[in-house]
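**Student:** Got a structure here, written out as structure tokens. Questions coming.
The values are calculated or read from the model by the stated rules, or taken from the named source; none is laboratory data. All figures in this text were calculated on a predicted structure; none of them were measured in a lab. Quick reminder, even Gly has a Cβ in these numbers, built from the backbone with ideal geometry, and neighbours come from all protein chains shown.
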């Protein structure tokens, strides 16, 4: 699944791909947001750790990974 995090005062969002369930990610976000001085920490599919200060989080989008189709379709 894919998580997009909007960071305040940044024109780009942070995108993290993880195998965690939407419920697990939501629980992590809610727990981190309880402390205004806290950090949201996520680990992606490759083991990289992303840390975002909760005071800078503008939004969190939790959704399925973007799957790219390869090949050609025959139209008719």
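**Student:** For residue 52, are the conditions met, namely being surrounded by 14 or more Cβ atoms within 10 Å (Cβ to Cβ) and within 15 Å of residue 64 (Cα to Cα)?
**Tutor:** No, not satisfied.
**Student:** Could you list, in sequence order, the residues of region 45-61 that are under 18 Å from residue 23 (Cβ atoms) and at pLDDT 95 or above?
**Tutor:** Selection gives 60, 61.
**Student:** Consider residue 20 carefully, then state whether it is modelled with pLDDT under 95, touching a strand residue (DSSP E or B) at 6+ places or on another chain (Cβ under 6 Å) and in a loop (DSSP other than H, G, I, E, B).
**Tutor:** no
**Student:** Quick check: anything in region 25-34 closer than 16 Å to residue 64 by Cβ and either touching a helix residue (DSSP H, G or I) at 6+ places or on another chain (Cβ under 7 Å) or part of a strand (DSSP E or B) (or both)?
**Tutor:** The answer is no; no qualifying residue exists.
**Student:** At pLDDT 90 or above and on the phi > 0 side of the Ramachandran plot: does that describe residue 9?
**Tutor:** When the stated conditions are applied, residue 9 passes them.
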